[in-house]
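Below is one structure; the comments refer to it alone.
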Amino acid sequence: MTDYNLFSKAPDGDLYTKWEDYKKNLKTLSPEEANKYKVIVIGTGLAGASASATLAEQGFNVHAFSFHESPRRAHSIAAQGGINAAKNYKGDGDSIMRLFYDTIKGGDFRSREDNVYRLAEISKNIIDQCVAQGVPFAREYGGLLDNRSFGGVQVSRTFYARGQTGQQLLLGAYSALSRQLEKKKVIFYPRHDMLDVVLVDGKAKGIVTRNLINGEIKTHSADIVILATGGYSNVYYLSTNAMASNVTANWRAHRKGALFANPSFTQIHPTCIPVKNDFQSKLTLMSESLRNDGRVWVPKKKNDQRKPIDIPEEERDYYLERIYPAFGNLVPRDVASRRAKEVCDEGRGIGPTGFAVYLDFQKAIEEKGEDFIREKYGNLFDMYQNITDENPYKTPMKIYPAVHYTMGGLWVDYNLMTTIEGLFSIGESNFSDHGANRLGASALMQGLADGYFVIPHTAMDFLAKETPLTKDITERREFKEAEEKTKNEIAKLMKVDGKLAVDEVHKRARKDSLG
Ligand SMILES: Cc1cc2nc3c(=O)[nH]c(=O)nc-3n(C[C@H](O)[C@H](O)[C@H](O)COP(=O)(O)OP(=O)(O)OC[C@H]3O[C@@H](n4cnc5c(N)ncnc54)[C@H](O)[C@@H]3O)c2cc1C
């Protein structure tokens, strides 16, 4: 068996100044020198688009691939609730240290502290960057950027654009990318599926792709490869992830020697629309931001079939407020999910299946008014009503935990490089920052930190020590072999002559694994 050295390469020294000190010692390239190198980026969601735009800005020639037809279709667009940053605009005692501490504690002390401290530091720059791009974050009446709270924290540090934060951030990253597309520093390959990573002398030097329009299999060479290919929640069949999100790119990289870390650290989000029937292929998230004003409860009595409106206050169990008075409804996701499952297992779940709990806005509407709630969460309420045909302004939402995010991913060192030299992994595709549980609004923060502020430094340092390829090397044996192998694998699959659609096999596998 191969021995892997899982040395994080995090520099020694003071945690609080480590990243700034480290950056001073990283090698840099002028734009003219950078122009000699080619970088392949797979994925143009928030992590990939921000990395591609920034590396191109530095002078590198970026070739960006996505199986989507546009960067704007990446799954990042689905992010609703917000993005964290330790700006302390609310003056409620937030700081880099507090964001660092919350993230480490929220992740059950399983994350790499050096990375998390860096993330907390960079969080401030992300907001400035996005505001400069024109991202329309919510503002208070006086014009200052507004914040709300997410689970596991006692301050308000989440910046948001109604329930469309991911979409607005992605439009910002996409505009930075478009600028580089126009300058021809980024070449974008839409509808291209990465099928393999090609190694030359143990280093990642290219990829094999399939053109999803005409089926052409092709190889591409570069000086480094960056995977920004998102998470793998869809392995569970029903999840809140877009149906196209899959883990094939990371899986191929893993087969080539990139180690996978914490694969079972999967986040179960507490507030999703419950499963309705067997024909469903996907679940819908109701953003955690709703727990700022929504109260979670179940009836005190088992098998209580009364309508929520007929259950008096004293017969309701606001179990999160009862068990966790300090955090109330805003406990971390893993905690809220476990408690929801427990009360349902006790027989106190609601709705036709008994696998749901209420998320109730009655008190907030009474105290703050329906207009206030509509202003803050209007599109989320509309989405809920469109899917369930129930009006959440009049009757509580029904919610239940669902698979949502994968903290596990490709193992990376402090430089975000995998165990394969020259192969980097950023955004949800890597394992780095969230330990065993990600706090709400921290994935967008990490994806953009990696793409705008970390990889541009660490990839440049790596490349500065590499001799540029200067020419296409896809005629080499390694590329020919990888292409041949990919073609053979596809031919083998096409010959199976099965009677079931791939999706049906996936669904049955899930049922089997659940017993
Ligand atoms: C419903 C929902 C709401 C969320 N809300 C929030 C929120 O409010 N705040 C927050 O912080 N986080 C939120 N998250 C999590 C967050 O949205 C994601 O973790 C983040 O957007 C992932 O970004 P990414 O760039 O790493 O990957 P993605 O946005 O998933 O992008 C992956 C890219 O890789 C490409 N790709 C993948 N495989 C291949 C391949 N084999 N070949 C070619 N291209 C490939 C895709 O085309 C795409 O361009 C939410 C998640 C969900 C599911």
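Summary table below
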| read-out | value |
| --- | --- |
| Lone unmet requirement of (1) modelled with pLDDT of 95 or more; (2) buried (at least 19 other Cβ atoms within 10 Å of the Cβ); (3) out of contact with any helix residue (DSSP H, G or I) (no Cβ under 8 Å at 6 or more places or on another chain) for Leu259 | (2) |
| Listing of helices (runs of 4 or more DSSP H) fully contained in region 44-158 that carry 2 or more residues being within 16 Å of Met445 (Cβ to Cβ), without any contact (Cβ under 8 Å) to a residue 24 or more places away in the chain and assigned by TED's automatic domain parsing to the domain that holds Phe431 | 96-106, 113-133 |
| Any chance Asp433 is among the acidic types (Asp, Glu), touching a residue at least 60 places away in the same chain (Cβ under 8 Å), in contact with a helix residue (DSSP H, G or I) (Cβ under 8 Å, 6 or more places away or on another chain) and within 28 Å of Gly202 (Cβ to Cβ) | yes |
| Meets criteria (in a helix (DSSP H, G or I) and surrounded by 20 or more Cβ atoms within 10 Å (Cβ to Cβ)) for Asn241 | no |
| Check on Ala249, touching a residue at least 12 places away in the same chain (Cβ under 8 Å), assigned to a helix (DSSP H, G or I) and among the hydrophobic types (A, V, I, L, M, F, W, C) | yes |
| Hits in region 208-238 - residues which are within 23 Å of the chain's Cα centre (by Cα) and in a strand (DSSP E or B) | Ile224, Val225, Ile226, Leu227 |
| Test: residue in region 290-304 that is within 16 Å of the ligand (Cβ to nearest atom) and of a type in the set (A, V, I, L, M, F, W, C) | yes |
| Meets criteria (over 19 Å from the mean Cα position of the chain (by Cα) and within 14 Å of the ligand (Cβ to nearest atom)) for His63 | yes |
| Strands (runs of 3 or more DSSP E) fully within region 353-425 counting 1 or more residues that are farther than 30 Å from Leu469 by Cα | 357-360, 397-406 |
| Selected residue (criterion: nearest to the ligand (Cβ to nearest atom)) from residues of region 239-256 that are farther than 19 Å from Thr209 by Cα and out of contact with any strand residue (DSSP E or B) (no Cβ under 7 Å at 6 or more places or on another chain) | Asn241 |
| Members of region 159-182 found to be over 19 Å from Asn379 (Cβ atoms) and either of a type in the set (D, E, K, R) or in a loop (DSSP other than H, G, I, E, B) (or both), listed by number | Arg179, Glu182 |
| Residue check, Leu283 in the same structural domain as Asp371 (by TED's automatic domain parsing) and touching a Cys at 6+ places or on another chain (Cβ under 7 Å) | yes |
| Candidate set from region 281-316 (those that are part of a loop (DSSP other than H, G, I, E, B) and touching a strand residue (DSSP E or B) at 6+ places or on another chain (Cβ under 7 Å)); member that is farthest from Asn379 (Cα to Cα) | Lys300 |
| Condition check for Asp278: part of a loop (DSSP other than H, G, I, E, B), more than 15 Å from the ligand (Cβ to nearest atom), modelled with pLDDT under 90 and not hydrophobic (A, V, I, L, M, F, W, C) | yes |
| Members of region 313-338 found to be in contact (Cβ under 8 Å) with a residue 40 or more places away in the chain, over 15 Å from Val153 (Cβ atoms) and among the acidic types (Asp, Glu), listed by number | none |
| Residue in region 208-216 that is on the phi > 0 side of the Ramachandran plot, within 14 Å of the ligand (Cβ to nearest atom), at pLDDT 95 or above and not aromatic (Phe, Trp, Tyr) present | no |
| Hits in region 179-195 (condition: more than 10 Å from the ligand (Cβ to nearest atom) and out of contact with any Pro (no Cβ under 9 Å at 6 or more places or on another chain)) | Arg179, Gln180, Leu181, Glu182, Lys183, Lys184, Lys185, Val186, Ile187 |
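The values are calculated or read from the model by the stated rules, or taken from the named source; none is laboratory data. Values in this document were obtained by computation on a predicted structure and should not be read as measured data. Because the Cβ atoms are built from the backbone with ideal geometry, glycine has one as well, and the counts that use them run over all protein chains shown.
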